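Q: Would you mind keeping the following structure in view while I ask a few things?
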Number of protein chains: 2
Amino acid sequence: MDLTEKKLAGEQVFSGGFIKVQRDSVALPDGSPAWREYIRHPGAVAVLALSDDGKLLLERQFRYPLARTFLEIPAGKIDPQEAPLATAKRELLEETGYRAANWFYLGKAYPCIGYSDEVIHYYLATALTAGERQLDEGEFLEVLTVPLAEVMTMTLDGRICDSKSLVGLHWLAAWQRGELRCEAL
Amino acid sequence: MDLTEKKLAGEQVFSGGFIKVQRDSVALPDGSPAWREYIRHPGAVAVLALSDDGKLLLERQFRYPLARTFLEIPAGKIDPQEAPLATAKRELLEETGYRAANWFYLGKAYPCIGYSDEVIHYYLATALTAGERQLDEGEFLEVLTVPLAEVMTMTLDGRICDSKSLVGLHWLAAWQRGELRCEAL
């Protein structure tokens, strides 16, 4: 069954400081017309940063849309023309002050397929060394190092409820069990 | 450390057929001013529907923002004044034709905390009975029943890369291992 929706025309209908909304007219699989509205996003990375003594770097950050803080893995948007691995290294350093000697690619996931074209690339970073963080102006966050077994419990008891982080930790748990091969970079 | 960002004022700056964008001026933790833009979303549900013979219901759906199909668990938006469990039962029936005798609440996750207030409530549905599906007009999707072990492999090899589904399957795997208690409804 061909489920393809064909683009007929489209335009950007909103452009704010961060959010850009695209609206396209499409032909559905049966040929009937419909509209599709969605966010255009530059893509992002997320980093599972695991220390030699088995602790994971987490951040606590206030997320305004939900008016509360969340425990998250380090993450950030890809800058124009930036390679995703470079974004991962930059964001880890800026937000936590850590550098990693070893980088692995875990995979990509799509956080919001109903209304955003965002993709998130996931990296595993090991052999960490601590340094000075370099937060962007107006960026406020706490860095925590938590034993990985405790982090995995947090994915099940509600303490970690950010989907981006839950996906990364699903893959990290599988990697630990030897069920997920990841590519050394 | 108080990370709270205080709302000073706000307005809806875009309202499309589906997407609504809110823009607020806020005071950052140090008192400096900033803008926050985000999508207002009514919330959603997702359903892990597990048959007596250990197969999970999946859907293949074309997702226009990414211009491709995805394998997903059944899910849908909460209607105004609708209880999330009612949404879960309605979406499962409409999209797959299945009803479930037993419902459990697995937890909630936030798919897009950077720029959307969406929350997704996850349900486990068992004791399934098949019937006629009742797709909305303009809705096209395929329903698959896949052995759960195979589904779990699909979360690791890229065949399932929708974050909403990955989160639900992370929790379902933990439930199977006896690590996640869920509430019978």
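Values quoted throughout were computed directly from the atomic coordinates according to the rules given, and no laboratory measurement underlies them. Quick caveat: nothing in here was measured; it's all calculated off a predicted structure. Every residue, glycine as well, gets a Cβ built from its backbone with ideal geometry; the counts of neighbours run over all protein chains shown.
Q: Considering lysine pairs in chain B that are 8 or more places apart or on different chains, how many have Cα atoms under 27 Å apart?
A: 19
Q: Would you mind computing, in nm to one decimal, how far apart the modelled labels at B:Thr4 and B:Glu82 are, each placed 7 Å from Cα along Cα→Cβ?
A: 3.5
Q: For the stretch B:26-37, what does the Karplus curve 6.51 cos²θ - 1.76 cosθ + 1.60, with θ = phi - 60°, yield as ³J(HN,Hα) per residue in whole Hz, taken in order and with x for Gly and Pro?
A: Those phi angles translate into 9, 9, 6, x, 8, x, 6, x, 7, 10, 10, 10 Hz.
Q: Please rank B:Thr69, A:Thr4, fewest neighbouring Cβ atoms within 10 Å first, as an exposure proxy. Walk me through the numbers on the way to the answer.
A: Values: B:Thr69 17, A:Thr4 14.
Ranking B:Thr69, A:Thr4 by Cβ neighbours within 10 Å, fewest first, gives A:Thr4, B:Thr69.
Q: Read phi for every residue in the stretch B:84-95 and hand back ³J(HN,Hα) as whole Hz from Karplus 6.51 cos²θ - 1.76 cosθ + 1.60, θ = phi - 60°, with x for Gly and Pro.
A: Values, residue by residue: x, 5, 5, 4, 4, 5, 5, 5, 4, 5, 4, 8 Hz.
Q: Collect residues whose amide H, placed 1.01 Å from N in the peptide plane, falls under 5 Å from the amide H of B:Ala49; neighbours closer than 5 in sequence don't count.
A: The list, which skips near neighbours in sequence, is B:Leu57, B:Ala125.
Q: Could I ask something else about it? For a quick check: sort A:Glu137, B:Glu72 by the number of other beta carbons within 10 angstrom, fewest at the front.
A: Lowest count first: A:Glu137, B:Glu72.
Q: So, one more: Output needed for the stretch A:44-176: three equivalent-ellipsoid semi-axes, defined as square roots of 5 times the C-alpha gyration tensor eigenvalues, in descending order, whole Å.
A: Computed over the stretch A:44-176, the values are 19, 18, 16 Å.
Q: Pick from B:Ile19, B:Ile160, B:Ile113: which is most flexible by mean-square fluctuation in a GNM of chain B where alpha carbon atoms under 10 Å apart are linked?
A: Fluctuation is largest for B:Ile19.
Q: Quick one: 3J(HN,Hα) in Hz for the stretch B:138-146, Karplus 6.51/-1.76/1.60 with θ = phi - 60°, rounded, Gly and Pro as x.
A: For the stretch B:138-146, the Karplus-derived couplings read x, 9, 10, 7, 9, 9, 10, 10, 10 Hz, x marking Gly and Pro.
Q: Tally the DSSP beta bridges in the protein assembly as shown and give the antiparallel ones as a percent, rounded to 5. Don't skip to the answer; put the middle values down first.
A: Values: 86 of 102 bridges.
In the protein assembly as shown, approximately 85 percent of DSSP beta bridges are antiparallel ones.
Q: Sticking with this one: Using modelled amide H (1.01 Å from N, peptide plane; none on Pro or chain starts), what sits under 5 Å from the amide H of B:Thr69, excluding residues fewer than 5 places away?
A: The list, which skips near neighbours in sequence, is B:Arg63.
Q: Right, next: Tell me, A:Ser32, B:Ser165 in order of fewest to most beta-carbon neighbours within 10 Å?
A: A:Ser32, B:Ser165
Q: Shortest first and in nm to one decimal, what separations exist between A:Ser25 and its copies in the other chains, measuring from label points 7 Å along the Cα-to-beta-carbon line?
A: Going from nearest to farthest copy, the values are 3.9 nm.
Q: Quote the relative contact order of chain B in percent (integer), defining contacts as alpha-carbon pairs under 8 Å separated by 6+ residues.
A: RCO, chain B: 22 percent.
Q: To test your reading of the geometry: what angle, between 0 and 90 degrees and rounded to tens, separates the Cα axis of helix B:163-176 from the longest principal axis of chain B?
A: 50
Q: In whole percent, what relative contact order does the stretch B:27-82 give with Cα contacts below 8 Å and a gap of six or more residues?
A: Details: 57 pairs, mean separation 18.5, N = 56.
So the answer I get is 33 percent.
Q: If amide H atoms are built 1.01 Å from N in the plane of the peptide, which residues on other chains or at least 5 residues away come under 5 Å of the amide H of B:Phe18?
A: Here nothing satisfies the definition.
Q: Still on this model: May I ask for the distance between the Cα centers of the stretch B:115-143 and the stretch B:36-78, given as a whole number of Å?
A: Using only Cα atoms, the two centres lie 7 Å from each other.
Q: Still on this structure, please answer the following. How far apart, in nanometres, would the label points at B:Arg133 and B:Lys108 be if each is projected 7 angstrom from Cα along the Cα-to-Cβ direction?
A: 2.8
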